[in-house]
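A.B. asks: Attaching a single structure in structure tokens format; questions to follow.
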Amino acid sequence: MNPRHIFRGLVMAPMLMLAAACSEQSGQAQAVASTPAGATQYDLVLRNGTVVDGTGKDAYAADLAIVGGRIVAIGRLDTAAAGQVIDVSGKVIAPGFIDVHSHADRALDDPSTAAIEGFLRQGVTTAVYGVDGFLDLKRMQRYAEFGEQGGMGINFMAYIGHNAVRREVMGMDNREPDATELQQMQAIVRDAMEFGAAGLSTGLMYLPGSYASTEEVVALAKVTAPYGGVYDSHVRDPAKNLLASHQECLDIGLAAGVDPHPGHIKAVGAANFGKGPDIVNLVEAGIARGQNVTVDLYPYDGAATAPVIALLYPGEDERGQALRQRLAGIMTGALEAGDSLEQLTQDLRQYWRDAAAQPEILEQARAVTEQPPEDLYSWIEVVGYQSMRIVVSENKEYEGRMVVDLAEDLDITPFELYRQLIVAEGDNAMVTLGAIQEDDIRVVMRQPWAMISSDGAEVDPEHPRGRGTFPRVLGRYVREWGVLSLEEAVHKMSGLPARYLKLTDRGILREGAVADIVVFDPETVIDRATWSEPALYAEGVEHVFIGGDAALLHGQVSEQRFGRFVPFAPGATD
């Protein structure tokens, strides 16, 4: 049972001027370069590739040259000399992917995981951290310093988190801030924007963010407006109030004068199946009233996963209270001395086994799980059994079943189904906390304002999205299913995120841009991670360059790390 589910400014080198004759035929750029014999004009040339430039325009055959970390030529460079030439025949050259909703920052707390290999192998060169409202300014600054020291594998941008700011000023109090407290929170947000935060992110489904009024969030989001900041949100109650929660996000953006961006958008839970078109209509209405609304989504039919054993709270008896305290310790990373995950699992299984003969304790446990006290966070109370689907079980007939449907077929309550699964399987049985229909994913994914994100973790991922998102889009949604064209998909993973983040030098392959580049095989790129084996690396990404440096070369991760903090600076160039 893993608890994580619960809760480079680059120095610009002198640019070499390219003497070239250019022509364009059928949308294909053709640049011809000549180089004196024996001269080394370029640092690196990628030769014989298919360029998908991130704009959404048609792919074309070309070579690409890099000098000093920048792209200096794209076209026919047959006679050009270079320090290094890589033949990428049959491969796609694309902008490095930008993951606008990532939890890979947890890997930066341990140098052994800070290469962020799982994302490099997907072609990600920049990730946005601080999503769901939990990143504070001190940690953002620490990560930026770590990058300058050569410690991290990919670039990052970051939001300042509302939950973190509120906790710093108000603790976990469930009340409105007074005038002084609001000013203190605004000052922290302002300091973060001065440091280079991209905007404000909220997690209004989580504590203490859920205690905040819409007006509080507007007051904080307004601070980011003079900086051109954006408003990203894990909306307040997606499972039970899907459309109203997303409307709140758009309304906050309008009132604050910033662009609203509902994160990892999805029609989640059985009550919302079929509402993908309603989400589209809601966003289009926001755009019609003059807002620049964008969203991101991941290509999976289930939201965050959890082991069933972590979802039920024991009762009010002495033994149950002790187990609840130990369970809280696991979730917060504060295990008591001498305790272990294995021992807790064993003790919980025995508790729930014994509880079968103790109806009073079972009733207490069900009450505290389904209607918890204010200081206890229960996923079952927040999203409901009706949102959950079993994704891993020793009983293969259970996998893929909605929890409420399976419980009905077995003539037991969902609570009792979970109790039985814990007794039978310990921490092996897993559910997604929010089932999603494939049709709803596709109708949103096709929209021009929808970009791809992972919402994934690097360390001990419990959901396949942390290892598979971007290759999954390319392998499944492009090659196998034809939901998107290759050019559309690449745009949604590079050019569109770059435009959203107001990045002028990344996300598009063009002369002068920072050489954040991915090279992949369009015939083999694929995700391998599954619900039961979520840590499997993706395949088909062969090279990844960050600022012109090879972070992944011929499938091998470099021992050097080239990731840096990319400050948010609308209209600026590196």
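The values are calculated or read from the model by the stated rules, or taken from the named source; none is laboratory data. None of the values given here were measured: they were computed from a predicted structure. Backbone-built Cβ (ideal geometry, glycine too); neighbour counts: all protein chains shown. Only protein heavy atoms, including side chains, enter the accessible area calculation; ligands, DNA and RNA are left aside. Shrake-Rupley method; radii C 1.70, N 1.55, O 1.52, S 1.80 Å.
A.B. asks: Restricting region 144-177 to residues that are of a type in the set (A, V, I, L, M, F, W, C) and farther than 27 Å from Phe97 by Cβ, which is most open to solvent (accessible area, probe 1.4 Å)?
C.D. replies: Restricting to residues being of a type in the set (A, V, I, L, M, F, W, C) and farther than 27 Å from Phe97 by Cβ, the top hit is Met172.
A.B. asks: Kindly establish whether Arg319 is part of a helix (DSSP H, G or I) and among the charged types (D, E, K, R).
C.D. replies: Yes, satisfied.
A.B. asks: Shifting gears a bit: Report every pair of residues separated by at least 6 positions or lying on different chains whose Cβ atoms are under 7 Å apart, first residue within region 158-183 and of a type in the set (S, T, N, Q), second surrounded by fewer than 15 Cβ atoms within 10 Å (Cβ to Cβ) and in a loop (DSSP other than H, G, I, E, B).
C.D. replies: Asn174/Glu374
A.B. asks: Tally the residues that are farther than 14 Å from Ala239 by Cα and crowded, with 18+ Cβ neighbours inside 10 Å, restricting the search to region 264-293.
C.D. replies: 5
A.B. asks: Can you name every residue in region 322-346 that is of a type in the set (S, T, N, Q) and either modelled with pLDDT under 90 or open to solvent by 90 Å² or more (accessible area, probe 1.4 Å) (or both)?
C.D. replies: Gln325, Thr332, Ser340, Gln346
One line per residue, one yes/no per condition, for (1) more than 21 Å from the chain's Cα centre (by Cα); (2) acidic (Asp, Glu); (3) closer than 20 Å to Gly118 by Cα:
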{"position": "Val459", "(1), (2), (3)": "no, no, yes"}
{"position": "Glu462", "(1), (2), (3)": "no, yes, yes"}
{"position": "Pro471", "(1), (2), (3)": "no, no, yes"}
{"position": "Leu474", "(1), (2), (3)": "no, no, yes"}
{"position": "His491", "(1), (2), (3)": "no, no, no"}
{"position": "Lys502", "(1), (2), (3)": "no, no, no"}
{"position": "Asp527", "(1), (2), (3)": "no, yes, yes"}
{"position": "Ser532", "(1), (2), (3)": "no, no, yes"}
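A.B. asks: OK, next. Among the residues of region 354-398, what is the count of those that are assigned to a helix (DSSP H, G or I), open to solvent by 30 Å² or more (accessible area, probe 1.4 Å) and farther than 15 Å from Phe415 by Cβ?
C.D. replies: Qualifying residue count, region 354-398: 1.
A.B. asks: If a residue must be in contact with a His (Cβ under 9 Å, 6 or more places away or on another chain), surrounded by fewer than 24 Cβ atoms within 10 Å (Cβ to Cβ) and either closer than 19 Å to Asp237 by Cβ or of a type in the set (Lys, Arg) (or both), how many such residues does region 178-207 contain?
C.D. replies: Number of matching residues: 2.
A.B. asks: Being open to solvent by less than 10 Å² (accessible area, probe 1.4 Å), within 30 Å of Ser532 (Cα to Cα) and at pLDDT 95 or above narrows it down to one of Asp296, Asp232, so name that one.
C.D. replies: Going through Asp296, Asp232 in turn, just one is open to solvent by less than 10 Å² (accessible area, probe 1.4 Å), within 30 Å of Ser532 (Cα to Cα) and at pLDDT 95 or above: Asp296.
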